[in-house]
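Accompanying notes for the structure given below.
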C-alpha cells in the first residue's frame, strides 16, 4: 500500500499535512455459518502465520443455505496507516519504501494480519485471505 504514496503526483516541497491516513481494503468471502467446520492446518502454515495449533480454524463445506459454495456474502479486511509527523517527514524527505514500510509495520496491522484475525474469529478461511493479499503482503 505504501507504494501508492509514490503515485501521488505532488511537488516534493509540499508538506503532507493534508494527508491524515491511508486506508486499503480487500473483500474476502465470509464462511457460511450453517456448514463451516473445523479443520487443521499444516505445521508450516501454523509457523508462517503465527497461528497456534490450538486455534480453531474453519473450512468451507457447502450446503443448501449457501448454494453449496461454503460462503455467504463478503466481509472486508483493512489496513489503516495514520500519517503522523514522523511518517509525513519521511515521505517528504523521499524515504525509501522499505524504510516507510518498516516504520508503518511497527505501528499498524497489515491487510494480511487483519485477515488472519478474521480467520481466527471463524469469519473466513486462510486460503481466502491468501487469495486476496497475495505473496507480497506480509
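What follows is calculated from the coordinates using simple rules that are stated; it is not laboratory data. Here the structure is a predicted model, which means the values were calculated and not measured. Methodologically, a virtual Cβ is constructed for each residue, glycine included, from the backbone with ideal geometry; neighbour enumeration extends over all protein chains shown.
For a footprinting-style exposure proxy, rank 42, 65, 128, 123 by other Cβ within 10 Å, fewest first.
Exposure proxy ranking, most exposed first: 42, 65, 123, 128.
Which three semi-axes in whole Å describe the equivalent ellipsoid of the range 24-120, each the square root of 5 times a Cα gyration tensor eigenvalue, listed largest first?
So the equivalent ellipsoid measures 35, 17, 9 Å along its semi-axes.
Mind checking the alpha-carbon convex hull of the range 80-138 and giving the volume per residue in Å³?
About 81 Å³ per residue, rounded to a whole number.
What ranking of 24, 52 emerges when the number of other C-beta atoms within 10 Å of each C-beta is taken as an exposure proxy, fewest first?
Neighbour counts put them in this order, fewest first: 52, 24.
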